[in-house]
Amino acid sequence: MSPTINLPYFDTLLALLEQEDPAVAESFGRHVHWGYWSDPRQAKNTPADYAQAAEYLTQAVCKAAQVGDNLAILDVGCGFGGTIASLNERFTGLHLTGLNLDERQLQRARKKVIAEKANTIDFIQGDACQLPFEDASFDRVLAVECIFHFPDRQRFFQEAFRVLKPGGHLALSDFVPLSWVMPLIQLGKLLPLEQGFYGGVDLTYTLDDYRRLAQETGFTTTVQQDITRNTLPTYEFLFHLGQMLGNRDLSATIQTGITAGMSHLHWLLYLILGFEKPGK
Ligand SMILES: C[S@@+](CC[C@H](N)C(=O)[O-])C[C@H]1O[C@@H](n2cnc3c(N)ncnc32)[C@H](O)[C@@H]1O
């Protein structure tokens, strides 16, 4: 059975997109994740600048997966299809599949993302931890800023490993705490955050946990990129957008504020991780 969807931030986004809010459509109508600024001092705190930075973050994750032409690529937790759209625009001969638990997001993706001539695109409803695909069906699996919502990281890694061909790559981005911060994070778990703006989020996976998980699953780790500094302008933009929209959701302010503080202190890292399934 698929897990239930409890993502209030997507309910808010979908409502604002339905109302055609121009700032939300520009900043979060395609990608729903943090931005990447190669020089964070150049961030302009505008929806257009944010959209560009979000596109750069997607491209950085795709680069970690060594994406190129003529590949079968699965994007798990695909949101509104932003990563699929980016790949579709930049590469050719791709068989692209976006998977999401939330059918409402997929409906938007199907409308917005149309395959270029030499590519194919499918958007499929399903759970990251029970992938509805045959063994060895994909050359690449991507999971951009979504693994913290999945019911079980270990199960997702096993599933990604199973559906990848030998020599295939998995790349993802995630918020990763430093080991010594874990007691603080565990304390935070006592708060009723699951009922908050971001829904169920598990930020308790350290880099050592990822290394262990990769080894247990059979993956070789290929990329460990700390881009925390490059993502920091995201927080200023989120607060600015919240003000523009007249945000009165206290849990959104608190959760974003805590994440911002921990990221600025470099206690909570934003990492891009890449893994290879051996055998080619
Ligand atoms: C922060 S959004 C990222 C969306 C997209 N990857 C992007 O970068 O624009 C997290 C996504 O994970 C999806 N998601 C959450 N739990 C999931 C699950 N168990 N299986 C598949 N997708 C899931 C959500 O519906 C949402 O689209």
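The values are calculated or read from the model by the stated rules, or taken from the named source; none is laboratory data. Note that the structure is a prediction, hence the values are computed from the model and not measured. Reconstructed Cβ throughout: ideal geometry from the backbone, glycine too, with neighbour counts over all protein chains shown. Each accessible area value is taken on the protein alone, full model and side chains, heavy atoms only, with ligands, DNA and RNA left out. Shrake-Rupley method; radii C 1.70, N 1.55, O 1.52, S 1.80 Å.
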* To do: Return the residue satisfying two criteria in turn: it lies in segment 44-77 and is in contact with a Phe, Trp or Tyr (Cβ under 7 Å, 6 or more places away or on another chain) and closer than 23 Å to residue 12 by Cβ, and of such residues it is farthest from the ligand (Cβ to nearest atom).
  => 45
* Selection within segment 10-43 - near the ligand (Cβ under 10 Å from one of its atoms) and either open to solvent by 50 Å² or more (accessible area, probe 1.4 Å) or at pLDDT below 95 (or both) -> 30
* To do: Determine if segment 195-206 includes at least one residue that is outside any loop (DSSP other than H, G, I, E, B) and buried (at least 16 other Cβ atoms within 10 Å of the Cβ).
  => no
* Asked: Can you find a residue in segment 233-243 that is of a type in the set (D, E, K, R) and in contact (Cβ under 8 Å) with a residue 12 or more places away in the chain?
  -> yes
* Would segment 138-154 turn up any residue that is basic (Lys, Arg) and out of contact with any helix residue (DSSP H, G or I) (no Cβ under 9 Å at 6 or more places or on another chain)? -> no
* Could you list all residues from segment 116-135 that are in a loop (DSSP other than H, G, I, E, B) and open to solvent by less than 50 Å² (accessible area, probe 1.4 Å)? => 119, 126, 128, 129, 131, 133
* To do: Quick one: in segment 232-280, of everything that is among the β-branched types (Val, Ile, Thr) and in a helix (DSSP H, G or I), which residue is surrounded by the most Cβ atoms within 10 Å (Cβ to Cβ)?
  => 234
* Would you check which residues across segment 71-115 are assigned to a loop (DSSP other than H, G, I, E, B) and either modelled with pLDDT under 95 or under 15 Å from the mean Cα position of the chain (by Cα) (or both) and list them? => 77, 78, 79, 80, 81, 101, 102
* Hey, among 109, 85, 118, 128, which residue is of a type in the set (A, V, I, L, M) and more than 14 Å from the ligand (Cβ to nearest atom)? -> 118
* **Per-region count, segment 136-156, residues in a loop (DSSP other than H, G, I, E, B) and either within 7 Å of the ligand (Cβ to nearest atom) or touching a residue at least 40 places away in the same chain (Cβ under 8 Å) (or both)** => 6
